[in-house]
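One structure is given here, and the rest of the page talks about it.
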Amino acid sequence: MNDLEQTLPTQLRHLADDLAPHTDPVAQAGAARARHRRQRRTRVGIAGLAAAVAAIVIGVPTTMGALSSAPEPGGQVAGLGPRTPTEEDAAWAASSAARDAREAEAARSAAEQASAQAAAQEAALAARIALVADSLAGRDPSLELRAGTDLSCPDHAPVDGAVRAEQGAGLVDGCRWSAPGLTLALSLTEGQDEEEMVREVDVEVARGDCTVQAMPSTVDVTPLTLCPTGQDDRTVWTLRVPDSGGAGYWVLSAAEEPGASTDAGAGGLLSLVDLAAQQW
């Protein structure tokens, strides 16, 4: 043995003490062996659990297969064979088919009836609108309203039996009458231009299920709106007529009340048109 072989272990030990003065090789070796044993036990436990799960998964269908393939006393293998329909099954199927057919026929009939009612309502509405449009188009001279210096409410009523409502001092505030089955109103929105009027109509249409139709006019846009009141299929007829002198827009309306006759709103609105045309 030479000097290097004698001094090398001592030098290595001193070097290890310098690098890790608190390290105990014996303790490290013990800890490593304990860690190895724990890891080995863990692997063995996991392997055992996996084997148990595999046995359960594989064993269930195997057991079921064994049960389903058990021989019957006569030597046949037990199993679920095809089921022969009975008379009760046929009767139930026939009853179900008949019920489905009746329901389909009822749904088709209801849809056709609703479609027919909607078509009839649209046709009636178109006819009522045409009544006003034809009357305005046939006027001679054509309808033209021009506000003057006198903006007070007319003295006479637009229809027979109408009673003047004591509201408002003139056209700006609005003139109102109550008649059998009708409420009539006439006003002038001073300074309103076409764009503002269209915006007002859009708001009115958005607020309810209103119908809008352009009416014959000598100047600018003259819309007629029909808005349901939500009660008894009554309608509010509103005609907006531009003032030919640029003073604003005239608003003429006829609201149908309970007990109003058919087309009462259209007739009342045309009476207001005649009243306004006579005075302005």
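Figures for the structure shown
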quantity: Only one of 225, 229 that is polar (S, T, N, Q) and in contact with a helix residue (DSSP H, G or I) (Cβ under 7 Å, 6 or more places away or on another chain); calculated: 225
quantity: Qualifying residue in region 68-84 (condition: part of a loop (DSSP other than H, G, I, E, B) and modelled with pLDDT of 70 or more); calculated: yes
quantity: Subset of region 164-186 (residues that are open to solvent by 30 Å² or more (accessible area, probe 1.4 Å) and outside any loop (DSSP other than H, G, I, E, B)); calculated: 164, 176, 178, 183
quantity: Some residue of region 206-215 being in contact with a Ser or Thr (Cβ under 7 Å, 6 or more places away or on another chain) and not in a strand (DSSP E or B); calculated: yes
quantity: Long-range neighbours under 6 Å by Cβ, at least six apart or interchain, first residue at pLDDT 90 or above and of a type in the set (Val, Ile, Thr) within region 115-141, second in a helix (DSSP H, G or I) and surrounded by 10 or more Cβ atoms within 10 Å (Cβ to Cβ); calculated: 132/266
quantity: Selected residue (only one of 205, 201 is of a type in the set (A, V, I, L, M) and surrounded by fewer than 16 Cβ atoms within 10 Å (Cβ to Cβ)); calculated: 205
quantity: Test set (1) over 23 Å from residue 226 (Cβ atoms); (2) of a type in the set (A, V, I, L, M); (3) out of contact with any Gly (no Cβ under 7 Å at 6 or more places or on another chain) - residue 147 fails condition number; calculated: (3)
quantity: Only listed residue being open to solvent by 30 Å² or more (accessible area, probe 1.4 Å) and at positive phi, chosen from 161, 138; calculated: 161
quantity: Failed criterion for residue 258 (all others in (1) surrounded by fewer than 21 Cβ atoms within 10 Å (Cβ to Cβ); (2) under 28 Å from residue 195 (Cβ atoms) hold); calculated: (2)
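The values are calculated or read from the model by the stated rules, or taken from the named source; none is laboratory data. Small disclaimer: the values here were computed from a predicted structure and weren't measured. Cβ: placed from backbone, ideal geometry, glycine included. Neighbour counts: every protein chain shown. Just the protein is used for accessible areas: all its heavy atoms, side chains included, with ligands, DNA and RNA removed. Shrake-Rupley method; radii C 1.70, N 1.55, O 1.52, S 1.80 Å.
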